[in-house]
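Okay, structure first, notes after.
The values are calculated or read from the model by the stated rules, or taken from the named source; none is laboratory data. All values reported here derive from a predicted model rather than from experimental measurement. Here the Cβ is made from the backbone with ideal geometry for all residues, glycine too, and neighbour counts use every protein chain on show.
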Amino acid sequence: MKLDLRDHRISIRGAEALANAPARALEELQLYWNAIGPAGAAALAVSTCSPRIRILDLHSNLLGDPGLEALAAVGAAELYQAQIGSELPRDAANDGR
């Protein structure tokens, strides 16, 4: 099962809610272009929402080193595909900053 929540202005609180949601069949989670940040990434990293997630897209969420370290610490190596790049927020990209 795939859940696509890209560009929905999901914040840390939203990431924490997702992390606690019972979604055992979830295999793909698309969360790019949101505002999850390091704390949201850490919540998702230790999440029990779905041990079956194989594709996780968190690019453009300003995860920073703490968020990336949290993902790496819990075995993100089990992911088939992880997108975590592009730290530039969409508003800055659109404004030419």
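One table, with the values for the structure above:
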| quantity | calculated |
| --- | --- |
| Single unsatisfied condition, Cys49 versus (1) at pLDDT 85 or above; (2) surrounded by 13 or more Cβ atoms within 10 Å (Cβ to Cβ) | (1) |
| Top-ranked residue of segment 17-48 - restricted to ones that are within 14 Å of Val74 (Cα to Cα) and outside any helix (DSSP H, G or I), ranked as farthest from the chain's Cα centre (by Cα) | Thr48 |
| Cross-chain or 6+ apart pairs with Cβ under 6 Å, segment 1-22 first and among the β-branched types (Val, Ile, Thr), then part of a loop (DSSP other than H, G, I, E, B) | Ile10/Asn34 |
| Only one of Asp7, Asp65 that is charged (D, E, K, R) and either part of a loop (DSSP other than H, G, I, E, B) or under 18 Å from Leu79 (Cβ atoms) (or both) | Asp7 |
| Flag for Gly14 being outside any loop (DSSP other than H, G, I, E, B), over 15 Å from Pro66 (Cβ atoms) and small (Gly, Ala, Ser) | yes |
| Residue, surrounded by the most Cβ atoms within 10 Å (Cβ to Cβ), within segment 1-42, restricted to residues that are under 13 Å from Leu58 (Cα atoms) and of a type in the set (S, T, N, Q) | Asn34 |
